[in-house]
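K.L.:
Structure incoming, see below.
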Amino acid sequence: MSPASFANSGRPDVIIVGGGIGGLSSAFALAREGLHVRVLERAKEFGEVGAGIQLAPNCTRILDEYDLLDEAKSLGVHPENMVMRDALDARELTRLDLTDLERRYGYPYLVIHRSDLHALLLLACRRAGVELLTDRKVVGYDNTTTGARISLTDGSVEEAPLIIAADGLHSVARNVLVGDDVVSSRYVAYRAAVPFDQVRADRVAERDVLVYVGPRCHFVQYPLRGGEMLNQVAVFASPTADSGTEKWGGPEELDAAFEGTCDTIREAIPLMWRDRWWQMLDRDPVDTWVHGRVALLGDAAHPPLQYMAQGAIMAIEDGWVLAHHLARNPSDWDAALAAYQAVRVEHCRRVQTTARAWGELWHLDGMERLQRNAIMRARDTCDYGFTDWVYGPTALTPDEEPAMFTPVPLASAPV
């Protein structure tokens, strides 16, 4: 049966489990293709927890196609540079000129508050006629002869030709269909978004994304909401990660982790939120995201560590790719799902594994730290060999996926 005939019958064509950035962006993408989409969110209201998020050109390109880029620009900040510094001595290691980067890829690099991006997508879904339901907790998934079925905690059952599980890192669908465990990096992240006037005297760059990399820690700063706020992220290796304590990485560890860093970081650490923190977890890549008519999407399919700032972007790309393939195969759900899996699995595997490798690179100590710094300082500002594979146009087929970059061995550095 075609999507159009299901829409006419009143049943949803697609049920999306999860109302985060991945779920809502996918719902909007599918609704733009004329599909009847229903989103089920487990919380009592739609919302997003966290602070800042970075949107690289591979994401702003899609927002532009959705006619949402101007709104995102009005809510976020268009930074001038991304600058990486050594966390111990604050010396600059390398930078990306984000104006030149926009010329290369055709779309800007933005930073925006997560809740602002989420609200933008939620409003877009409402305008597109997406059915948005809250307080719906899904606990089971099954395939049927005409699609798939979900079971909810209240005992109800819902069916559709396609069900998308966009329910995050701790996805119920992932646990049911794959059965693997999350992987701990043993690092923990603290965040804060503070008024810029509160930190302007601390020599904080007002138009740059700053990343300080150091031994077993790193620190990130960038402006939000038109420069009214400063987003800060402090990440460090937790000495209690393997202690068996459920809430490892508590605030008593934060100050000690950054004690030996430069003045800019040490002045910022007291401003971090201490009532909540995020253990940095991911999962090993898997090759199968499609199980009959149930498809994993976003962090349910490929939760990365945060070092490449591509987690939410990959989820947005997932929905864009799936919607394009459903448009190309309007009466063949299985062909569209096969095409989605064929291209997205490999790209996201690359991002997941590269994010892990970058985390190791950022946190080096001793001679390896000096070798890393020498290699980064030798990089030309306009060398895009490390970003072309990810910031370029999102591939729709495997043959469109660009080649990966070639890693530079640490031993090649003239220290």
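The values are calculated or read from the model by the stated rules, or taken from the named source; none is laboratory data. Note that the coordinates shown come from a computational prediction; the quantities given were computed from them, not determined experimentally. Note that each Cβ is placed from the backbone with ideal geometry, even for glycine, and that neighbours are counted across all protein chains shown. Remember, those area values only see protein heavy atoms, side chains included, never the ligands or the DNA or RNA. Shrake-Rupley method; radii C 1.70, N 1.55, O 1.52, S 1.80 Å.
K.L.:
So how strong a dipole does region 153-245 carry about its Cα centre when Lys and Arg Cβ are +1 and Asp and Glu Cβ are -1, to the nearest 20 debye?
P.N.:
Working: 8 positive and 12 negative charges, 123 e Å.
Result for region 153-245 is approximately 580 debye, rounded to the nearest 20.
K.L.:
At most 11 other Cβ atoms within 10 Å and a DSSP loop assignment: could you name the GluC sites (Glu not before Pro) in region 186-280 that fit?
P.N.:
For GluC sites (Glu not before Pro) across region 186-280 that sit outside H, G, I, E and B with at most 11 neighbouring Cβ atoms in 10 Å, the list reads E246, E259.
K.L.:
Using only protein heavy atoms and a 1.4 Å probe, report how much of L96 is accessible, in Å² to the nearest 10.
P.N.:
20
K.L.:
What does the extension gain come out to for V286 and A335, with contour length at 0.36 nm per residue minus their alpha carbon separation?
P.N.:
Here the segment from V286 to A335 would lengthen by 15.6 nm.
K.L.:
Once the dipole of region 1-148 is set up with Lys and Arg at +1 and Asp and Glu at -1 on Cβ about the Cα centre, which of T99, V77, S25 lies farthest towards its positive end?
P.N.:
S25
K.L.:
How far apart, in nanometres, would the label points at L123 and Q198 be if each is projected 7 angstrom from Cα along the Cα-to-Cβ direction?
P.N.:
2.6
K.L.:
If you bin every alpha carbon distance in the chain into 20 Å steps from zero, what whole percent lands in each bin?
P.N.:
For the chain, the binned pair fractions read 26, 57, 16, 0 percent.
K.L.:
Now, a different point. Relative to the Cα centre, what is the charge dipole magnitude of region 105-176, using +1 at the beta carbon of each Lys and Arg, -1 at the beta carbon of each Asp and Glu, and rounding to the nearest 20 debye?
P.N.:
220
K.L.:
Now for a separate question. Please calculate how many Å² of accessible area region 256-402 carries per residue, with a 1.4 Å probe and no DNA, RNA or ligand atoms counted.
P.N.:
For region 256-402, the per-residue accessible area is 38 Å².
K.L.:
Right, next: Which value in Å does the Kirkwood hydrodynamic radius of region 21-77 take, with 1/r averaged over all unlike C-alpha pairs and then inverted?
P.N.:
For region 21-77, the Kirkwood estimate is 13.1 Å.
K.L.:
What is the projected area of the convex hull of the Cα atoms of region 136-196, averaged over all directions, in nm²?
P.N.:
7.2
K.L.:
If you don't mind, there's one more thing I want to ask. Calculated from DSSP H runs of 4 or more alone, at -39500 (n - 2.57) each and per residue, what is the 222 nm mean residue ellipticity of the chain, nearest 500?
P.N.:
For the chain, the value works out to -10000 deg cm²/dmol.
K.L.:
Still on this structure, please answer the following. Would you kindly state how much longer the chain becomes between S115 and D97 on full extension, computed as 0.36 nm times their sequence separation minus their alpha carbon distance, in nm to one decimal? Please list the in-between numbers first.
P.N.:
On the way: separation 18, 0.36 × 18 = 6.48 nm, distance 2.67 nm.
Once the chain is fully extended between S115 and D97, it gains 3.8 nm.
K.L.:
Find the eigenvalues of the gyration tensor of the Cα atoms of region 278-383, then list the square roots of 5 times those eigenvalues as equivalent ellipsoid semi-axes, largest first, in whole angstrom.
P.N.:
They are 35, 15, 10 Å, listed from largest to smallest.
K.L.:
Name all residues of region 361-376 having a backbone nitrogen under 12 Å from the label point set 7 Å from the Cα of V408 along its Cα→Cβ direction, giving them as ranges.
P.N.:
From region 361-376, the list is 371-376.
K.L.:
Next question, about the same structure. Using modelled backbone amide H atoms (1.01 Å from N, in-plane), which distant-in-sequence or interchain residues come within less than 5 Å of A189's amide H?
P.N.:
Here W278, Q279, M280 satisfy the definition.
K.L.:
Taking the 0 to 90 degree range and rounding to the nearest ten, how far is the long axis of helix 366-378 tilted relative to the main principal axis of the chain, both from C-alpha atoms?
P.N.:
The angle comes out near 80 degrees.
K.L.:
Could you tell me what fraction of 2.2 N^0.38 Å the Cα radius of gyration of region 6-110 comes to, as a two-decimal ratio?
P.N.:
Region 6-110 yields a ratio of 1.44.
K.L.:
Same structure again: If you wrap region 99-207's Cα atoms in a convex hull and average its projection over all directions, what's the area in nm²?
P.N.:
Details: hull surface 51.2 nm².
Seen from a random direction, the Cα hull of region 99-207 projects 12.8 nm² on average.
K.L.:
If r is the Cβ-Cβ distance from D399 to W278 and R0 is 25 Å, what FRET efficiency results, to the nearest 0.05? Write out the running numbers ahead of the final one.
P.N.:
Working: r = 37 Å, r/R0 = 1.48.
Working from the Cβ atoms, E equals 0.10.
K.L.:
Another one. Keeping every protein chain in place, order V111, V49 by accessible area at 1.4 Å, biggest value first, i.e. largest first.
P.N.:
Largest accessible area first, the residues go V49, V111.
K.L.:
Modelling each spin label as a point 7 Å along the Cα-to-Cβ direction, I'd like the N143/A342 distance in nm, to one decimal.
P.N.:
Label-label distance for N143 and A342, simple model: 1.8 nm.
K.L.:
Ignoring ligands, DNA and RNA, what percent of the accessible area of region 58-130 is carbon or sulfur (1.4 Å)? Intermediate values should be presented prior to the final figure.
P.N.:
Numbers: 1230 of 2940 Å².
Its accessible area is 42 percent carbon and sulfur atoms.
K.L.:
Considering the options V176, T406, V139, tell which one lies farthest towards the positive end of the dipole of the chain, charges being +1 on Lys and Arg and -1 on Asp and Glu at the Cβ, about the Cα centre.
P.N.:
Sorting the options by dipole projection puts first V139.
K.L.:
Assign unit charges at the C-beta atoms only (+1 for Lys and Arg, -1 for Asp and Glu), then state the dipole size of the chain relative to its Cα centre in Debye, rounded to the nearest 20. Working shown, then result.
P.N.:
On the way: 41 positive and 59 negative charges, 38 e Å.
Charge dipole, the chain, about its Cα centre: 180 debye, nearest 20.
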